[in-house]
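Reviewing the structure listed below.
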Amino acid sequence: MNLEVTYVATTDLIPYANNARSHSDQQVAQVAASIQEFGFNNPILIDEHKSIIAGHGRLAAAQKLNMNTVPTILLEGLSEAQRKAYVIADNKLTENSRWDFDLLSLEIEQLKDLDFDVALLGFSEVELDGISSEEMDMSVLDELDDEEVDVFEGDVKRAIQIEFESEHYEQAQELIKFWRENEAYIGYMLIQHLRAEKQKL
């Protein structure tokens with residue numbers, strides 16, 4: 001199937017009413033900054049009625065930049081079920097990949113050496129500090145406000161700030177490092193333990 005890019009007026013595009021993926025003002029601003037730096041290189045996917053299948057965040061960024069038209073690709077022939085499923089899959093499948101933090105840290109450091117503004121990569125300052133560190137200091141979560149904690153990105157899909165007494169901090173840091181190196185799902189381990197302790201009450 002040959003896919004053709006067509007520029008469509010932003011006012012003609014119809015957002016999908018049941019789109020389950022939300023876009024914060026901060027994320028839209030990041031996408032807008034990316035478009036300004038790299039160009040609009042990821043077309044919005046639409047159906048025959050100009051309804052958006054994928055690209056709601058990119059449309060919001062384009063509107064923030066006062067763009068009159070945006071590149072689109074028409075996906076013809078999708079059934080209603082396929083269209084609904086693609087809206088979800090397009091967002092979810094990208095979440096299922098993982099970062100190689102050693103290589104990511106190396107790439108980011110090289111970009112810094114080239115005087116590139118790494119803020120355009122989409123990571124927060126706290127995340128960049130964590131990625132660049134030899135081992136992530138979990139106290140960086142203390143620097144996040146509530147909204148940033150809710151949308152903390154990377155391998156940690158959503159983060160909860162947990163405080164430790166000073167005498168327990170190093171032990172907690174060592175244990176978290178150990179289980180991360182063994183690719184454990186620490187969040188679920190914590191849930192299991194807390195649930196077991198609750199049942200004892």
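The criterion of being touching a residue at least 24 places away in the same chain (Cβ under 8 Å), among the acidic types (Asp, Glu) and farther than 30 Å from residue 181 by Cα does not hold for residue 80.
Taking the conditions (1) loosely packed, with under 12 Cβ neighbours inside 10 Å; (2) at pLDDT below 85; (3) over 25 Å from residue 189 (Cα atoms) in turn, residue 113 satisfies each one other than (2). For the range 51-75, the candidate set comprises residues that are assigned to a loop (DSSP other than H, G, I, E, B) and of a type in the set (S, T, N, Q); within that set, the residue that is farthest from residue 8 (Cα to Cα) is 66. Taken together, 10, 94 contain a single residue that is of a type in the set (Val, Ile, Thr) and farther than 30 Å from residue 181 by Cα, which is 10.
Filtering 183, 148 for residues that are surrounded by 11 or more Cβ atoms within 10 Å (Cβ to Cβ) and either modelled with pLDDT under 80 or among the small types (Gly, Ala, Ser) (or both) leaves a single hit, 148.
Within the range 79-103, restricting attention to residues that are exposed (fewer than 11 other Cβ atoms within 10 Å of the Cβ) and assigned to a loop (DSSP other than H, G, I, E, B), the residue that is modelled with the highest pLDDT is 79. Among the residues of the range 11-36, those that are in a helix (DSSP H, G or I), polar (S, T, N, Q) and surrounded by fewer than 18 Cβ atoms within 10 Å (Cβ to Cβ) comprise 11, 26, 27, 36. In the range 37-71, the residue that is nearest to residue 23 (Cα to Cα) out of those that are buried (at least 19 other Cβ atoms within 10 Å of the Cβ), of a type in the set (Gly, Ala, Ser) and in contact with a strand residue (DSSP E or B) (Cβ under 8 Å, 6 or more places away or on another chain) is 55. Per this entry, residue 76 is not counted among residues that are modelled with pLDDT of 70 or more and in contact with a Gly (Cβ under 9 Å, 6 or more places away or on another chain). Annotation: residue 25 fulfils all but one of (1) among the charged types (D, E, K, R); (2) farther than 24 Å from residue 119 by Cα; (3) free of Cβ contacts under 8 Å to residues at least 12 places away in the same chain; the unmet one is (2).
May I ask you to verify whether residue 37 is within 17 Å of residue 123 (Cα to Cα) and touching a residue at least 60 places away in the same chain (Cβ under 8 Å)? Against the criterion (within 17 Å of residue 123 (Cα to Cα) and touching a residue at least 60 places away in the same chain (Cβ under 8 Å)), residue 37 qualifies.
The values are calculated or read from the model by the stated rules, or taken from the named source; none is laboratory data. The shown structure was predicted, so the numbers you read here are calculated from the model rather than taken from an experiment. All Cβ positions, glycine included, derive from the backbone under ideal geometry; neighbour counts span all protein chains shown.
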